[in-house]
1. Does THR77 meet the test of being farther than 30 Å from ARG2 by Cα, at pLDDT 85 or above and under 24 Å from the mean Cα position of the chain (by Cα)?
2. Looking at GLN13, GLN104, which is the one that is at positive phi and modelled with pLDDT under 85?
3. Can you tell me which residues in region 1-27 are among the charged types (D, E, K, R) and either surrounded by fewer than 11 Cβ atoms within 10 Å (Cβ to Cβ) or part of a loop (DSSP other than H, G, I, E, B) (or both)?
4. Return the total of residues in region 38-57 being assigned to a loop (DSSP other than H, G, I, E, B) and surrounded by 10 or more Cβ atoms within 10 Å (Cβ to Cβ).
Amino acid sequence: MRSKVEGLERYEQDWATEGLARQYLKNRRSYNYRQGRLDVPENYQYLKDNAAKRSNTPCGNTHKRKAAEEKREATVTKRARISKGKEKAISNSDEEEDSDHEGQGDDLDED
């Protein structure tokens, strides 16, 4: 590997080559674990057990998340209240217009 890759010959005692080889082997090993091609050694089984106990809920900044949630709920409630008020105002104005025009149409029918 040292002769194939430019620049590795500059380092004494091949420490860079050794590091690259270790990294490559570690990556291959972890990939094979994830693919199920290799079984995880018994002494690391506790890590899987601990991971299974964890919840998937996000942690940290919970007070910020709760505050944002409350703000969203308040906004939704406020918008609903405003739209209800507009509906009432529209229905009241329609009723007033109907009562204003009730007597006007009767004169035309009699002629």
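The values are calculated or read from the model by the stated rules, or taken from the named source; none is laboratory data. The structure displayed is predicted, hence computed values, not measured ones. Please note: Cβ atoms are built from the backbone with ideal geometry, for glycine as well, and neighbour counts cover all protein chains shown.
1. Considered against the rule, which asks whether it is farther than 30 Å from ARG2 by Cα, at pLDDT 85 or above and under 24 Å from the mean Cα position of the chain (by Cα), THR77 comes out as yes.
2. On the way: GLN104 fails: at positive phi.
When all the criteria are applied, what remains is GLN13.
3. If we filter region 1-27 for residues that are among the charged types (D, E, K, R), which is where we start, we get 2, 4, 6, 9-10, 12, 14, 18, 22, 26.
Of everything in region 1-27, those that are among the charged types (D, E, K, R) and either surrounded by fewer than 11 Cβ atoms within 10 Å (Cβ to Cβ) or part of a loop (DSSP other than H, G, I, E, B) (or both) turn out to be ARG2, LYS4, GLU6, ARG10, GLU12, ARG22, LYS26.
4. Let us first name the residues in region 38-57 that are assigned to a loop (DSSP other than H, G, I, E, B), namely 38-41, 54-57.
Filter once more, so that each one left must be surrounded by 10 or more Cβ atoms within 10 Å (Cβ to Cβ): 38, 40.
Summing the residues that are assigned to a loop (DSSP other than H, G, I, E, B) and surrounded by 10 or more Cβ atoms within 10 Å (Cβ to Cβ) in region 38-57 gives 2.
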